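Worksheet for the structure shown next.
Just so it is clear, none of the values below were taken in a lab; they were calculated from the coordinates. These numbers come from a predicted model, not from an experiment. When we count neighbours, we look across all protein chains shown, and the Cβ atoms used for this are built from the backbone with ideal geometry, even at glycine.
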Amino acid sequence: MLTGRVLSSDATLNNFEPIGVCGFIPGSSFTLVLQLTQPQRKSLRYVAAPGATLKGNFPKSDGSTLSVDFEPMEGDASIWSATISAEDSQDLVSGNFTFVLTEGDQITKGWVQQGLEVVITGDC
């Protein structure tokens with residue numbers, strides 16, 4: 001099993017910062033950047049094999065799941081990003097999410113603890 005660490009959305013090769021959680025406003029698009037890590041090896045980064053794919057699975061308020069394809073960062077296949085559309089973000093909830101990394105015939109599951117946070121805006 002792998003884990004992931006949320007990075008700032010302006011991450012570039014050799015210039016990134018773990019932020020712990022990605023805050024988003026429902027109904028607005030946002031970019032989620034994730035670094036794959038190996039928890040059994042003191043959170044050492046995990047570099048995926050060439051040609052690997054990564055799919056994130058995010059819980060929605062109606063109990064269903066939103067699945068989103070991530071793209072690897074050129075030059076560092078431990079860092080992946082996905083843009084969540086405004087429409088898709090509307091029903092996402094705060095909390096954990098899972099992902100599936102496929103490297104040829106090998107499928108590895110992973111999760112990010114408390115990776116998403118709904119940001120409430122407006123008057124209360």
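Observations on the structure shown:
- Dipole moment magnitude, nearest 20 debye, segment 35-124 about Cα centre, only Lys, Arg, Asp, Glu C-beta charged: 540 debye
- If the segment from SER61 to LYS109 were pulled out straight at 0.36 nm per residue, it would be longer than the present Cα-Cα gap by 15.0 nm.
- Only Lys, Arg, Asp and Glu carry charge here, each on its Cβ (+1 for the first two, -1 for the last two); on that basis segment 1-62 has a dipole of about 280 debye about its Cα centre.
- Computed across the chain, the Kirkwood radius stands at 14.7 Å (inverse of mean 1/r, all Cα pairs).
- Fully extended contour minus Cα-Cα distance, from THR102 to GLN40, at 0.36 nm per residue: 20.4 nm
- Between the residues SER94, PRO72, GLN106, the greatest Cα displacement towards the positive end of the dipole of the chain, with unit charges on the Cβ of Lys, Arg, Asp and Glu, is found for GLN106.
- Residues of segment 15-32 with amide N under 15 Å of the 7 Å Cα→Cβ point at VAL118: 23-28
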